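Here's the structure we're looking at; comments come further down.
The values are calculated or read from the model by the stated rules, or taken from the named source; none is laboratory data. These numbers were taken from a predicted model, which means no experiment stands behind them. Quick reminder, even Gly has a Cβ in these numbers, built from the backbone with ideal geometry, and neighbours come from all protein chains shown. The accessibility values were calculated without ligands, DNA or RNA, using every heavy atom of the protein model including side chains. Shrake-Rupley method; radii C 1.70, N 1.55, O 1.52, S 1.80 Å.
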Amino acid sequence: LQIGTGAWGAGANLFYTIRYKSAGINLNAQYMHNGKNELQYRFGDQVNTSITAFYWLDVNKTTVLPQVGLAFDAFAKDQSFDAPETITGGTRLVATLGFDWYINRFLLTAFYQLPLAQELPNAQPVFNTRLGFSATVFFN
């Protein structure tokens, strides 16, 4: 949705977790379709996939999930008046290492991402190493 432009998009997400005792795997796939705006510009569709292995550890009334995985993203070219924009689109493959730490009603997350491969137009910024953190509060 591009507010005020009349453009709409639609997305779908599939998420599946397989777990045996303390070990598990998360599989994730997302698709995003974008519509044209009033200027006849359409952002390219996107596909994002990932596979992440985790291990469940109970530590002093908290839970820690160390994780390692791979993510692959594909971006279709944007279009202007139905013509592809050559400086858009591409793919990337990223390795991820991180953990989730559950403490009562809180979740703390940290991750490190390392690009393994990327095919992006020269005009686009490259995906560099990334370090991220988040905090979540659960309300019951």
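The alpha-carbon of residue 77 sits under 29 angstrom from the alpha-carbons of these lysines, leaving out residues fewer than 8 places away in its chain: 36. Note down the net charge around residue 94, summing +1 for each Lys or Arg and -1 for each Asp or Glu among other residues with Cβ under 14 Å from its Cβ. Net of charged neighbours comes to 0.
Against the set (i) 139; (ii) 127; (iii) 115, the structure's computed volume of the Cα convex hull per residue in Å³ falls on (i).
Per-atom-type breakdown for the chain gives carbon and sulfur 63% of the accessible area (1.4 Å probe, protein chains only). Probing with 1.4 Å while keeping every protein chain in the model, the per residue accessible area of the chain equals 68 Å².
Of the residues 14, 115, 103, the one whose Cα sits farthest towards the positive end of the charge dipole of the chain is 103 (charges of +1 on Lys and Arg Cβ, -1 on Asp and Glu Cβ, taken about the Cα centre). Rounded to the nearest 20, the size of the Cβ-charge dipole of the chain about its Cα centre is 520 debye, with Lys and Arg at +1 and Asp and Glu at -1.
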